[in-house]
Amino acid sequence: MRERQNLPLSGKRKRDKLLMLLAALYFLGVVLGTVMYCTSGSGGTAFIDRLTDGFAEGRLSRSFGETLVNSFSGGFLLLTACFLMGFCTIAVPAEMFVPLFRGLGTGAVIAGMYGKYGIPGTAAAAVLVIPNAVMTAFVLIMASRESVRFSAAVYRAVFGNSPERERPDVKLYFTKFVILSVGLAAAAFADSLITFVTAGWWTSLTLK
């Protein structure tokens with residue numbers, strides 16, 4: 001009886017460890033992205049600066065709807081990648097790389113805004129980049145976790161030794177990713193709203 005009571009707790013701890021590992025990989029990506037910007041040569045920083053300029057100009061020139069679609073599409077591509085990789089038993093390393101990859105981009109953009117605009121750029125990043133980055137990172141970390149867990153379930157179903165192999169619940173897996181897509185859309189809407197409200201600040205920053 002005690003063993004049965006301990007099983008759910010043990011499984012929960014394993015899931016929590018996976019979640020913490022994926023979150024750590026995201027923050028490692030942010031650090032590495034920042035370091036890459038600070039240590040890269042003039043060519044590398046110039047490339048990131050051009051991306052930063054395009055990011056700022058794009059925010060100013062797009063409508064609310066266009067900003068919403070643009071903000072949603074980048075994260076949705078990674079979300080879709082996580083969903084598809086979940087059906088592959090050997091895709092776990094790539095699934096865990098998704099938060100790291102997202103963190104690399106976030107760190108590089110924040111460092112690029114500081115390098116381009118100085119302290120005002122850091123303040124702008126705190127308002128215009130970090131909130132969306134945090135919300136999107138949470139969604140992608142959860143997506144990566146579900147993808148890893150589903151890959152493990154597929155592996156057990158295909159290669160497990162149990163005579164009665166439990167089939168992965170595809171319907172539940174799909175439902176979870178629909179919910180995560182809604183969360184990603186909410187993050188994109190909040191990002192677009194913040195951009196719309198602070199458009200004047202963006203304009204004064206980029207014209208300096």
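The values are calculated or read from the model by the stated rules, or taken from the named source; none is laboratory data. Small disclaimer: the values here were computed from a predicted structure and weren't measured. We place every Cβ from the backbone using ideal geometry, glycine too, and count neighbours over all the protein chains shown.
So in the stretch 91-133, with the set limited to residues that are over 22 Å from Ala190 (Cβ atoms) and hydroxyl-bearing (Ser, Thr, Tyr), which one is surrounded by the most Cβ atoms within 10 Å (Cβ to Cβ)?
This residue is Tyr114.
Among residues belonging to the stretch 123-141 that are closer than 24 Å to Ile179 by Cβ and among the small types (Gly, Ala, Ser), point out the one that is modelled with the highest pLDDT.
Ala137
Just give me the residues in the stretch 58-90 being surrounded by 15 or more Cβ atoms within 10 Å (Cβ to Cβ) and polar (S, T, N, Q), in sequence order.
Thr67, Asn70, Ser71, Thr89
Only residues that are modelled with pLDDT under 95, surrounded by 18 or more Cβ atoms within 10 Å (Cβ to Cβ) and among the hydroxyl-bearing types (Ser, Thr, Tyr): list them for the stretch 179-208, please.
Ser192, Thr195
I'm checking my understanding of the structure. Among residues of the stretch 77-93 that are at pLDDT 90 or above and touching a helix residue (DSSP H, G or I) at 6+ places or on another chain (Cβ under 6 Å), which one is nearest to Ser144 (Cα to Cα)?
For the stretch 77-93, the residue satisfying everything is Cys82.
Please work out if Ala157 is surrounded by 15 or more Cβ atoms within 10 Å (Cβ to Cβ) and either more than 17 Å from Ala23 (Cβ to Cβ) or under 12 Å from the mean Cα position of the chain (by Cα) (or both). Please lay out each step first, then the result.
Working: surrounded by 15 or more Cβ atoms within 10 Å (Cβ to Cβ): no; either more than 17 Å from Ala23 (Cβ to Cβ) or under 12 Å from the mean Cα position of the chain (by Cα) (or both): yes.
So Ala157 does not fit the description; no.
Modelled with pLDDT under 90, in contact with a helix residue (DSSP H, G or I) (Cβ under 7 Å, 6 or more places away or on another chain), of a type outside the set (D, E, K, R) and not in a helix (DSSP H, G or I): which single residue out of Pro120, Pro163, Pro168 fits that description? Break it down stepwise before answering.
Numbers: Pro120 fails: not in a helix (DSSP H, G or I); Pro163 fails: in contact with a helix residue (DSSP H, G or I) (Cβ under 7 Å, 6 or more places away or on another chain).
Exactly one residue qualifies, and that residue is Pro168.
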